[in-house]
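To keep things clear, I will list the structure first and then write my remarks on it.
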Amino acid sequence: MNAFLFALLGLVFWGIAPIFGKIGLVEVAPGIALFMRSSIITVILLVWLLASGQAPCLAGVAPRSWLFIGLEGICAALLGHLAYYYALKLGDVSLVSPVIAAFPVITVLLAFLLLGEKYTPGKLVGTLLIILGVFVIKN
């Protein structure tokens with residue numbers, strides 16, 4: 001499979017996930033829901049790593065990689081998803097999901113400022129379209 005097919009697969013799963021989340025949050029606090037979600041994912045990943053023989057590779061991962069992957073997890077999987085669950089619990093999934101999905105605006109800006117990536121006219125137009133989309137869907 002190539003990157004585009006994996007991206008399409010991710011799109012499908014990310015499109016389905018908010019529906020399950022909204023239904024699951026009806027009688028569950030967002031913090032509890034995130035704990036439940038993270039626990040289930042951890043068990044599944046542990047079984048997968050053990051079954052595929054990749055678990056021993058964890059020992060060879062550099063401390064710098066642990067740090068930055070850990071920071072990514074704290075930002076996305078912990079803080080971002082906690083905010084997302086609160087938003088889902090309090091709002092309409094048809095509004096919350098597209099607004100959360102506008103995160104590339106922040107990513108593109110930070111990639112330009114912190115990583116020195118080029119900010120091309122195409123990226124500028126795409127960023128503006130995302131911002132416009134958020135405003136359109138909010139009203």
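Normalised Debye scattering of segment 1-56 at q = 0.12, 0.24 Å⁻¹ gives log10 I(q)/I(0) of -0.44, -0.97, counting only Cα atoms as equal scatterers and leaving out solvent. For the chain, what does the helix formula give at 222 nm: sum of -39500 (n - 2.57) over DSSP H segments with n ≥ 4, over the residue count, nearest 500 deg cm²/dmol? Taking each H run of at least 4 residues, the total per residue is -24500 deg cm²/dmol. Expressed in units of 2.2 N^0.38 Å, where N is the residue count, the Cα radius of gyration of the chain is 1.23.
With contacts taken as Cα pairs under 8 Å at a separation of at least 6 residues, the chain carries a relative contact order of 29 percent. Screening the chain for whole DSSP H helices of 27 Å or more along their axis (Cα) with average Kyte-Doolittle hydropathy at least -1.0 returns 3-24, 30-52.
Note that the chain presents 76 Å² accessible area per residue, ligands and nucleic acids not counted, probe 1.4 Å.
Quote the charge dipole size of the chain about the Cα centre in Debye, to the nearest 20; the model charges only the Cβ of Lys and Arg (+1) and of Asp and Glu (-1).
Value, rounded to 20: 140 debye.
Calculation over all alpha carbon pairs of segment 67-135 in 10 angstrom steps from 0 returns a P(r) of 19, 40, 34, 8 percent. Listed by chain and number, the aspartates and glutamates whose C-alpha is less than 17 Å from the C-alpha of K89, apart from same-chain residues fewer than 8 away, are E27. Highest average first, the peptides 41-49, 16-24 ordered by how many other beta carbon atoms sit within 10 Å of their residues are 16-24, 41-49.
FRET efficiency for E117 and I137, Cβ-Cβ distance as r, R0 = 30 Å, nearest 0.05? Display every interim value, and only then the final one.
Working: r = 27 Å, r/R0 = 0.91.
Efficiency computed from Cβ-Cβ geometry: 0.65.
Place a label point 7 angstrom from the Cα of F103 along the Cα-to-Cβ direction, then list the residues of segment 11-41 whose backbone nitrogen is under 12 Å away. Under cut-off, by backbone N: 14.
The values are calculated or read from the model by the stated rules, or taken from the named source; none is laboratory data. Predicted, not measured: the structure shown is a model, and the values here were computed from it. So basically every Cβ, Gly included, is an ideal-geometry build from the backbone, and we count neighbours across all protein chains shown. Please note that ligands, DNA and RNA were not included when accessible areas were found on the heavy atoms of the full protein model with its side chains. Shrake-Rupley method; radii C 1.70, N 1.55, O 1.52, S 1.80 Å.
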